[in-house]
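Take a look at the structure set out below.
The values are calculated or read from the model by the stated rules, or taken from the named source; none is laboratory data. Not measured: the values here are computed from a predicted model. Cβ: placed from backbone, ideal geometry, glycine included. Neighbour counts: every protein chain shown. In case anyone asks, the SASA skips ligands and DNA or RNA and just uses the protein heavy atoms, side chains included. Shrake-Rupley method; radii C 1.70, N 1.55, O 1.52, S 1.80 Å.
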Amino acid sequence: MLTSFRSTQMPSTAKSSASAANHLTIPATWYHDAGIYKMECEKLFYSEWLLFCHETLLPSPGHYVAYTVAGRPILVLRGKDGQLKGFHNVCRHRASLVLKEGHGKTEVLRCMYHGWVYDTNGDLCKAPGFGGDEKSLCDRTSLFPVHVKNVDGLVFICMAAKPPSFEKSIGDLPAALKGSGIESFKFFDTAAHPLKCNWKTYIENYMEGYHIPILHPELNRDVDMATYKVVPAERIARHETGLKPGREKEAANTGLWIWLWPNVALNIYKNGMNLEIVNPTGPETTELRYCYMFKDLSKEAEPENRKTIDLSFTVTRQDIDICEIVQKNLHAGVYEAGELSPRHENGVVYFHDLVRAVHAKPA
Ligand code: FES
Ligand SMILES: [Fe+2]
């Protein structure tokens, strides 16, 4: 694990009880500076393994998922051979999306602009009406490939030409998921929420339960804060908590909550899971992409499944509102950095360690 940065000085503008024992947050400029955002895209989102979607969206040949990842449209599909394949969703003709953003099933990859057709290996096989030597055009034209891996139904992509070690990238995730049964969950629904904040602002909110009693009254009914803790491990952090007495039956959304570096949360409940991808869309904008899966999709299970989603929406709204308030203040030029709680914010400290390591990487 990385060594953490400890505070040596506080912003000079106000009284401070700065202690050398407490960790400081990363600087406020890192949450809004366009150059820093671009650098994080290059060194992190375009270089490392990222969780892209759950395999439940890709059950058989022809199924595809087309999502934009940190500004780059990506396409993952199941080929005729049953294997998952990944491409940049950028037509080699004049740069249109090949397939519209979303998920579904298709026989061929037909570009939405002039109709060029690619096979499921990404090779151009038709350029209708192009004229000239179409065969030779097809022979030399393919979609740009993206690396794909699948672990327990979790589909990862890497845009780098030479990806880093996959095993190192997912760290302790396989151990943390052991026995969770996530590979058996079935697709139920997706949702997307636009956020006016930097991706790190939202991740930090996920990395601590400190705010639960103030911000999430519905969740606070169930969670016993005296036992609440965040346990960082290699590249992940796990939330652990006991429940308030008598709430064991009622608690809809408690279970296993795991964060995976850099931008994913796996919220595993009694009856299913919400895979939450925090997708950066700009220095101060982010998209939350949710995929809900449940064990039981029967009519009888529907009310319980809906209850889980409803509570998740309520909690998400509360988190979005506070993150957007925080983002404005991070950009307002008054706040530079703050001290993190040694009791509650060790997960934030770990996240900041990894962010600092990205910033320190050679270009
Ligand atoms: S941009 Fe794809 S066919 Fe023209
Ligand atoms: Fe929250």
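Share of carbon and sulfur in the accessible area of the chain stands at 55%, probe radius 1.4 Å.
Here, P(r) means the percent of Cα pairs in each 10 Å bin from 0 to the largest distance; for the range 185-261 it is 15, 42, 37, 6. Scalar couplings 3J(HN,Hα) for the range 183-189, obtained by applying the Karplus form with A = 6.51, B = -1.76, C = 1.60 to θ = phi - 60°, are 5, 9, 6, 10, 4, 10, 6 Hz; x denotes Gly and Pro. Computed from backbone phi, the HN-Hα couplings of the range 112-119 come to 6, 9, 10, x, 4, 10, 10, 7 Hz, rounded to whole numbers (Karplus: 6.51 cos²θ - 1.76 cosθ + 1.60, θ = phi - 60°; Gly and Pro given as x). Computed over protein heavy atoms with a 1.4 Å probe, the accessible surface of the range 50-163 works out to 47 Å² per residue.
Over the range 183-308, accessible surface divided per residue gives 40 Å², non-protein components excluded, 1.4 Å probe. Loop-located GluC sites (Glu not before Pro) across the range 266-303 with a Cβ neighbour count of 12 or fewer within 10 Å are Glu300, with loop assigned by DSSP. Accessible area per residue (1.4 Å probe, heavy atoms of protein chains only) ranks Met273, Met39, Met159, Met112 as Met112, Met39, Met159, Met273, with the largest value leading. Measuring max minus min along each principal axis, the C-alpha atoms of the range 169-310 give extents of 43, 35, 30 Å (largest first).
Normalised by residue number, the volume inside the convex hull of the Cα atoms of the chain is 152 Å³ per residue. The relative contact order of the range 50-163, computed from alpha carbon pairs under 8 Å that lie at least 6 residues apart in sequence, is 26 percent. When the Cα convex hull of the range 38-182 is projected onto planes of every orientation, the mean area is 9.6 nm².
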